[in-house]
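> Right, I'll just put the structure down here and ask away after.
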Amino acid sequence: MNLLSLKLLIILILFLKSALSEVINEFNDGIVDIDLPKNHLSQYFNNLRRFTKKLNETSHGFYKDYLSSEEYDRELCWGYEYGCKKPQFIHKCPGNHSGYVKDKETQLDVFYSQADFGYVKQQLRELKVYCEPYTITDSSLECSENVRFCRGRNLMINFTDLVKREEPFRWDVNVLKAGEIGGYCKFHKDKFEEKLDHLGALQSWAAELRNYESLEKRPIEDDLCDVVVEKPTYLMKLDSTINLYHHFCDFFNLYVSQHVNFTHESGFTTDVNILIWETHPYWSQFADTFKAFTENELWNLNKFKGKVVCFKNLVFSLPPRMIFGLYYNTPLINGCENSALFHAFSEHLMHRLQIKQHEPKNRKVRITFLSRNTKYRNVLNEKDLIKRISSNSNYEVKRVVYDRNIKFLDQMEITKNTDVFIGIHGAGLTHLLFLPNWATLFELHNCGDPNCYHDLARLRGINYMTWEDENFVESIEAGYEDESHEKFKNYNFDPDEFGRLVAKAVKAVRNHEDYKNYIKRLEHDEL
């Protein structure tokens, strides 16, 4: 090792030691809060061995007690961490594997890599440094395959040309020009350009980073920027924000990006910036979900219009419509279910947004019927259906319309306290992500799209049902020009057949081990 390399190593060690000491002091002063579900803490601490050791030596209070308790599993990990020996495997493949893979073990492995923490592991394996820093304080850029996920340090983005854009834009692949993004580092341009084949607006960051250039000066130290952003910043491209299914693809991939980026004790902190890659003012009925990820104001590109901005830590989060991505158009192998990653995402949201689980009244099975208030896919005889099941004294039946009249967090709480969730095909069925583990989703009619919510239910590990006999359902034209399309019709369902299927859903709930254990705990607490 030459003298220069030795000096750099010493500087790096001193820097990390100082940073760790600073974090520990902040933690003890109550400034830093991990704020994760209790059953995520073992994985968190086991991924940060040095931090955990220091915390155990110097800290006090809840986390110190947790680390010395029987609840702390010293080997448990998510599955993507280096040296992980006890990964969180809850997925199973009860369905037939023949015709898809050679054996059951391969079927389990494929599902894990497609739809579980194996997907995070794959992103980490793909990460390559494309702009190498000369020293530890210089710029850097690394990306996964096809530039889907990237992160960089001390990067410059020039937004001065945005003042010429009169109309607001989103999903634009021409936001930056050559040289308007870059850093002071050794850029392997030829290798990087080989990865820029996914240029769709919501497929990757290739359209933006194809304009990356190596700068001759250090952006921050040489005062190249009008603004320096100190806090870590996540760049996000958003799908349709008025549609629950599509917008939650954004939130899910943001959560996955946090895991890919999880190298520091503040990996899940809410003291981060989120910069939405568009100039349209952000609005969504589901906006409160962002509170699970940031305590700060949401930004869009108007924030920096006309300015040159330096970001000390920048994450290009996984976009919502990647080719062979996760959640949207996932190439999901048949016969498998229950992704630990989707399970963790649900638990993370429930914890951060403080969505509470309430005791069922008189041990009745809670049934929520989601009614639509739209032109198409209405259940025309829903009153008859609800009357049919409300007569059962063992059911507690609630009809809801999830629109702007009910705050989204209140909607989530209703869903969290539902055992059987019923609705016709539509984005509202994305609420299955918030159901308890023992719940059943009853999609009344899939309207010619059999995989969408069935697959999402499989990913979440929720029991799924749909209408079984078309002889007991009547479709009625609703005036759409393509009258053959099932998504643009309204429907009547046979009440007796509906009652039979609901009874089947209730039976599945009561036979679920998690439900049985939940009821046992309630009964024990009452003694």
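> Could you grab me the full set of residues in the stretch 345-356 that are buried (at least 19 other Cβ atoms within 10 Å of the Cβ) and either on the phi > 0 side of the Ramachandran plot or under 12 Å from the mean Cα position of the chain (by Cα) (or both)?
345, 346, 348, 349
> Any residue that is under 27 Å from residue 314 (Cβ atoms), free of Cβ contacts under 8 Å to residues at least 40 places away in the same chain and not β-branched (Val, Ile, Thr) - is there at least one of those in the stretch 129-137?
No, the stretch 129-137 contains no residue that is under 27 Å from residue 314 (Cβ atoms), free of Cβ contacts under 8 Å to residues at least 40 places away in the same chain and not β-branched (Val, Ile, Thr).
> Let me ask you something else. If you go through the stretch 306-334 one residue at a time, how many are without any contact (Cβ under 8 Å) to a residue 24 or more places away in the chain and either assigned to a strand (DSSP E or B) or not polar (S, T, N, Q) (or both)? Explain how you work it out, then say what you get.
To start, the set of residues in the stretch 306-334 that are without any contact (Cβ under 8 Å) to a residue 24 or more places away in the chain comprises 324, 329.
Checking the rest, the ones that are also either assigned to a strand (DSSP E or B) or not polar (S, T, N, Q) (or both) come to 324.
Here the count works out to 1.
> Oh, and also: Considering only the stretch 125-152, how many residues are open to solvent by less than 60 Å² (accessible area, probe 1.4 Å), in a strand (DSSP E or B) and of a type in the set (Lys, Arg)?
1
Rundown of residues vs (1) touching a Pro at 6+ places or on another chain (Cβ under 6 Å); (2) touching a residue at least 24 places away in the same chain (Cβ under 8 Å); (3) basic (Lys, Arg), yes/no style:
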| residue | (1), (2), (3) |
| --- | --- |
| 233 | no, yes, no |
| 236 | no, yes, no |
| 243 | no, yes, no |
| 248 | no, yes, no |
| 251 | no, yes, no |
| 255 | no, yes, no |
| 263 | no, no, no |
| 268 | no, yes, no |
| 272 | yes, yes, no |
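> Continuing with this model, one more query. Under the condition of being assigned to a loop (DSSP other than H, G, I, E, B) and open to solvent by less than 20 Å² (accessible area, probe 1.4 Å), which residue from the stretch 439-458 is modelled with the lowest pLDDT?
Here the answer is 447.
> Give 233, 241, 269 a once-over and let me know the one that is polar (S, T, N, Q) and under 19 Å from residue 133 (Cβ atoms). Lay out the reasoning, then the answer.
Numbers: 241 fails: under 19 Å from residue 133 (Cβ atoms); 269 fails: under 19 Å from residue 133 (Cβ atoms).
None of the others qualify; the one that does is 233.
> Something else now. Tell me, yes or no, whether the stretch 29-45 has at least one residue that is at pLDDT below 90 and touching an Asp or Glu at 6+ places or on another chain (Cβ under 8 Å).
yes
> Would you pick out the residues in the stretch 316-344 that are open to solvent by 10 Å² or more (accessible area, probe 1.4 Å) and in contact with a strand residue (DSSP E or B) (Cβ under 9 Å, 6 or more places away or on another chain)?
Of everything in the stretch 316-344, those that are open to solvent by 10 Å² or more (accessible area, probe 1.4 Å) and in contact with a strand residue (DSSP E or B) (Cβ under 9 Å, 6 or more places away or on another chain) turn out to be 337, 338.
> Within the stretch 402-434, restricting attention to residues that are of a type in the set (S, T, N, Q), over 16 Å from residue 374 (Cα atoms) and part of a loop (DSSP other than H, G, I, E, B), which residue is most open to solvent (accessible area, probe 1.4 Å)?
417
> Right, here's the next one. Report every pair of residues separated by at least 6 positions or lying on different chains whose Cβ atoms are under 6 Å apart, first residue within the stretch 49-78 and modelled with pLDDT of 85 or more, second open to solvent by 80 Å² or more (accessible area, probe 1.4 Å).
75/85; 75/86; 76/86
> Condition first: closer than 29 Å to residue 119 by Cβ and either surrounded by 15 or more Cβ atoms within 10 Å (Cβ to Cβ) or touching a Leu at 6+ places or on another chain (Cβ under 7 Å) (or both). Can you find one or more residues in the stretch 491-511 that meet it?
yes
> Moving to a separate point now. State whether the residues of the stretch 72-79 include one that is open to solvent by 30 Å² or more (accessible area, probe 1.4 Å), among the hydroxyl-bearing types (Ser, Thr, Tyr) and more than 30 Å from residue 214 (Cβ to Cβ).
no
> Please work out which residue is farthest from residue 82 (Cα to Cα), limiting yourself to the stretch 111-123 and to residues that are open to solvent by less than 40 Å² (accessible area, probe 1.4 Å) and hydroxyl-bearing (Ser, Thr, Tyr).
Looking at residues that are open to solvent by less than 40 Å² (accessible area, probe 1.4 Å) and hydroxyl-bearing (Ser, Thr, Tyr), I get 112.
> Using beta carbons and a limit of 6 Å, which pairs, at least six apart or on different chains, have the first residue in the stretch 27-48 and closer than 15 Å to residue 64 by Cβ and open to solvent by 10 Å² or more (accessible area, probe 1.4 Å) and the second one at pLDDT below 95 and of a type in the set (Ser, Thr, Tyr)?
That search, which allows pairs on different chains as well, returns 28/59.
> While we're looking at this one, here's another question. With (1) out of contact with any Asp or Glu (no Cβ under 8 Å at 6 or more places or on another chain); (2) part of a strand (DSSP E or B); (3) of a type in the set (D, E, K, R) as the list, and residue 399 as the residue in question, which single condition is left unmet?
(1)
> Taking the residues in the stretch 85-110 that are touching a residue at least 40 places away in the same chain (Cβ under 8 Å) and of a type in the set (S, T, N, Q) as candidates, determine which candidate is most open to solvent (accessible area, probe 1.4 Å).
96
> Considering (1) in contact with a Gly (Cβ under 9 Å, 6 or more places away or on another chain); (2) outside any helix (DSSP H, G or I); (3) open to solvent by 10 Å² or more (accessible area, probe 1.4 Å), say which one residue 388 fails and leave the rest.
(2)
> In this structure, does residue 147 turn out to be of a type outside the set (D, E, K, R) and in contact with a Leu (Cβ under 6 Å, 6 or more places away or on another chain)?
So residue 147 fits the description; yes.
The values are calculated or read from the model by the stated rules, or taken from the named source; none is laboratory data. Note that the coordinates shown come from a computational prediction; the quantities given were computed from them, not determined experimentally. When we count neighbours, we look across all protein chains shown, and the Cβ atoms used for this are built from the backbone with ideal geometry, even at glycine. When the accessible area is computed, the model is the full protein with side chains, heavy atoms only, and any ligands, DNA or RNA have been set aside. Shrake-Rupley method; radii C 1.70, N 1.55, O 1.52, S 1.80 Å.
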